[in-house]
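Engineer: Got a structure for you, questions after.
The values are calculated or read from the model by the stated rules, or taken from the named source; none is laboratory data. Computed from a prediction, not measured in an experiment: that's the story for all the values here. Positions of Cβ are generated from backbone atoms using ideal geometry, with glycine treated the same way; all protein chains shown enter the neighbour counts. Areas reflect the complete protein model, heavy atoms only, side chains present, ligands, DNA and RNA absent. Shrake-Rupley method; radii C 1.70, N 1.55, O 1.52, S 1.80 Å.
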Amino acid sequence: MEWRNLYRGVLMGISDLIPGISGGTIAVVLGIYDRLLEAISGFFSREWKKHIGFLIPLAVGIGSALLLLSRVIEFLLENYYAPTQFFFTGLILGVLPFILRKAEARRTFKAGHVVLLLVAAGLLASTAFLATDSGAAPITELTLASGIRLFLSGWLASMAMLLPGISGSFVLLILGAYTTAIAALSNLNIGIIAVIGAGVMIGFVVSSRFIRYLLDRFPVITYAASTGLILGSIAVVYPGLPSESGMTAISAVTFLVGLVVAVLMGRQDTT
C-alpha cells in the first residue's frame with residue numbers, strides 16, 4: 001500500500017469540495033496525475049492487482065476529506081466567504097506556473113495553443129454568470145427522477161474532477177446538485193451519497209480512458225486547454241473585495257497562504 005497517498009487523497013478531497021478547484025489539478029501538482037489515470041483505467045483490467053495499493057489509500061484520503069470536512073467548508077463559506085475564496089484564488093494562481101512548466105509551454109505552445117488557452121479561459125470564466133443552485137433546497141428523498149438526475153450529475157462531475165482545470169463541484173453547482181451533495185455528506189444521507197457516488201465511480205472509469213487518450217495523442221492541445229480552464233476558474237472563485245477593511249486584510253493573508261501552499265506542493269519530491 002502506498003500510504004503517502006492518504007494525505008494526497010485528503011488534499012484532492014478538499015479541492016473537490018470547492019467549486020472552482022479541480023482535484024485533477026491537485027493530482028498534477030502532487031506528481032501523481034499520470035499514475036492516477038493509469039490506475040483508474042486499469043482497475044477493471046487483468047492487471048487490477050497492481051493498482052489496488054495505489055488507489056485504496058488515495059480513496060480513503062478523498063473519502064475522509066469529503067465526509068469530515070464538508071461541514072467545515074460549509075461553515076467557512078457561510079461565515080468567512082471572502083477569505084476562503086481568496087485562499088483558493090491564491091491556490092489556483094500558485095498552480096499555474098507548475099502546470100506551464102509541466103507542459104513545457106515556452107517550447108511547445110504556438111499561437112494556436114495560446115488562442116485555445118484564452119478561449120478555454122473565457123468560456124469557463126463566463127460560467128460565473130450562469131444560474132446555480134445556491135438558493136435551492138437540497139434533495140433529501142430519492143425518487144426515480146431525482147435518482148437519475150443525481151447519478152448523471154455525478155457522472156459529469158467525475159469527468160471534471162479528473163481533468164485539470166475543471167471543478168467537479170462547480171459542475172454539480174451548474175447542474176443544481178451541489179447543495180444536495182454537500183448536505184448529503186454533512187448529514188450522512190447514505191442513499192444520496194451512494195447514487196451520486198455510483199455516477200462518479202462509473203464516470204471515473206470511462207473518462208480516465210478518454211483523458212489518457214487525449215494526453216497520449218494531443219498532449220500540447222490538452223495542456224493548453226487545461227491551463228486555460230485553470231486560468232478561467234479564477235473568475236469563478238474570485239469573490240470581489242470585501243467592504244470591511246478587517247476582512248480585506250484577512251483575505252490578503254489567506255490569498256498569500258494559498259499561493260505559498262501551491263508553490264510548496266509544486267516543489268515537493270514527486271518520486
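Engineer: Give me the one-decimal Kirkwood hydrodynamic radius in Å for the range 218-271, with the sum taken over alpha-carbon pairs.
Structural biologist: Values: mean 1/r = 0.0729 Å⁻¹.
One over the average 1/r among Cα pairs gives 13.7 Å for the range 218-271.
Engineer: Another question, if that's okay. Calculate the dipole size of the range 11-164 relative to its Cα centre from +1 charges on Lys and Arg beta carbons and -1 charges on Asp and Glu beta carbons; express the result in debye to the nearest 20.
Structural biologist: Numbers: 11 positive and 9 negative charges, 138 e Å.
For the range 11-164, the charge dipole is close to 660 debye.
Engineer: Moving on. Express in whole angstrom the spacing between the alpha-carbon centres of the range 135-178 and the range 55-69.
Structural biologist: 19
Engineer: Sticking with this one: Would you mind working out the magnitude of the charge dipole of the range 19-86 relative to its Cα centre, with +1 at each Lys and Arg C-beta and -1 at each Asp and Glu C-beta, to the nearest 20 Debye? Don't skip to the answer; put the middle values down first.
Structural biologist: Numbers: 5 positive and 5 negative charges, 59 e Å.
Here the range 19-86 has a charge dipole of around 280 debye.
Engineer: Assuming 0.36 nm per residue, please report the length gained on full extension of the stretch Lys110 to Ser64 beyond their Cα-Cα distance.
Structural biologist: 12.4 nm
Engineer: As an exercise, take the mean of 1/r over every pair of distinct alpha carbons in the range 75-184, invert it, and state the Kirkwood radius in angstroms.
Structural biologist: 16.3
Engineer: Quick one: with all protein chains in place, what share of the accessible area of the range 171-271 is carbon or sulfur, to the nearest percent (1.4 Å probe)? Show your work: numbers first, answer last.
Structural biologist: Numbers: 3580 of 4960 Å².
Whole-percent figure for carbon plus sulfur exposure: 72.
Engineer: A follow-up question, please. Give me the percent of accessible area attributable to carbon and sulfur for the range 72-168, probe 1.4 angstrom. Walk me through the intermediate numbers first.
Structural biologist: Numbers: 3700 of 5290 Å².
Roughly 70 percent, rounded to a whole number.
Engineer: On to the next question. For the chain, with only Lys/Arg (+1) and Asp/Glu (-1) charged at the beta-carbon, what is the dipole magnitude about the Cα centre, in debye rounded to 20? Don't skip to the answer; put the middle values down first.
Structural biologist: Working: 17 positive and 13 negative charges, 187 e Å.
Charge dipole, the chain, about its Cα centre: 900 debye, nearest 20.
Engineer: Compute the Kirkwood hydrodynamic radius of the chain, taking the inverse of the mean of 1/r over all pairs of distinct Cα atoms, and give it in Å to one decimal. Can you show the working numbers first?
Structural biologist: Details: mean 1/r = 0.0529 Å⁻¹.
Hydrodynamic radius (Kirkwood, Cα only) of the chain equals 18.9 Å.
Engineer: Determine the sum of side-chain charges near Leu162: Lys and Arg each +1, Asp and Glu each -1, restricted to other residues whose C-beta is under 14 angstrom from that of Leu162. Provide the component values of the computation, followed by the final result.
Structural biologist: Working: positive: Arg35, Arg209, Arg212; negative: Asp16, Asp34, Glu38.
So the environment of Leu162 carries a net charge of 0.
Engineer: Quick one: what Rg and Dmax do you get for the range 153-227 from the alpha carbons, in Å?
Structural biologist: Rg then Dmax for the range 153-227, in Å: 13.8, 43.
Engineer: Between beta-carbons, use under 12 Å as the cut-off and find the net charge around Gly24, counting Lys and Arg +1, Asp and Glu -1.
Structural biologist: Details: positive: none; negative: Asp16, Asp34.
Residues near Gly24 contribute -2 overall.
Engineer: Are there trypsin sites (Lys or Arg not before Pro) in the range 21-66 that DSSP puts in a loop and that have at most 14 other Cβ atoms within 10 Å, and which ones?
Structural biologist: Here the trypsin sites (Lys or Arg not before Pro) that fit, given the DSSP loop and packing criteria, are Arg46.
Engineer: Please work out the FRET efficiency for the pair Leu214 and Ser126, using the Cβ-Cβ distance as r and a Förster radius of 30 Å; give the result to the nearest 0.05.
Structural biologist: Values: r = 23 Å, r/R0 = 0.76.
For R0 = 30 Å, the calculated efficiency reads 0.85.
Engineer: Go ahead and run the numbers for FRET between Ile56 and Ile148, Cβ-Cβ distance against an R0 of 25 Å, rounding to 0.05.
Structural biologist: Details: r = 30 Å, r/R0 = 1.18.
Efficiency for this residue pair is about 0.25.
Engineer: Just name one of Ser158, Ile196, Gly112: the one whose Cα is farthest towards the positive end of the charge dipole of the chain (beta-carbon charges, Lys/Arg +1, Asp/Glu -1).
Structural biologist: Checking the options against the dipole of the chain, the answer is Gly112.
Engineer: Name the longest site-free stretch of the chain, where the excluded sites are GluC sites (Glu not before Pro) in a DSSP loop with no more than 12 other beta-carbon atoms within 10 Å.
Structural biologist: On the way: sites that count: Glu47, Glu104, Glu141, Glu244.
Excluding the exposed sites themselves, the longest stretch runs over 142-243.
Engineer: Might you tell me the accessible area per residue for the chain, computed with a 1.4 Å probe and given in Å²? Before the final figure, lay out each step's value.
Structural biologist: Details: 13340 Å² over 271 residues.
Accessible surface, normalised per residue, equals 49 Å².
Engineer: Provide, for q = 0.12, 0.14, 0.21, 0.24 Å⁻¹, the log10 of I(q)/I(0) from a solvent-free Debye sum over equal Cα point scatterers in the range 1-108.
Structural biologist: Once normalised to I(0) and log-transformed, intensities are -0.49, -0.64, -1.11, -1.26.
Engineer: Right, here's the next one. The range 90-106 to the range 181-226: how many Å between their Cα centroids?
Structural biologist: After rounding, the separation between the Cα centres reads 22 Å.
Engineer: So for the chain, taking the charge dipole from beta-carbon charges (+1 Lys/Arg, -1 Asp/Glu), which of Val263, Leu215, Thr89 sits furthest toward the positive end?
Structural biologist: In the chain, that residue is Leu215.
Engineer: With a cut-off of at most 11 other beta carbons within 10 Å, and DSSP calling the residue loop, which chymotrypsin sites (Phe, Trp or Tyr not before Pro) in the range 1-109 qualify? Please list them.
Structural biologist: In loop regions of the range 1-109 (DSSP not H, G, I, E or B), the sparsely surrounded chymotrypsin sites (Phe, Trp or Tyr not before Pro) are Trp3, Phe44.
Engineer: Have a look at Ala59, Ser45, Ile26 and report the one farthest towards the positive end of the charge dipole of the range 11-63, computed about the Cα centre with Cβ charges (Lys/Arg +1, Asp/Glu -1).
Structural biologist: About the Cα centre, the residue reaching furthest to the positive side is Ser45.
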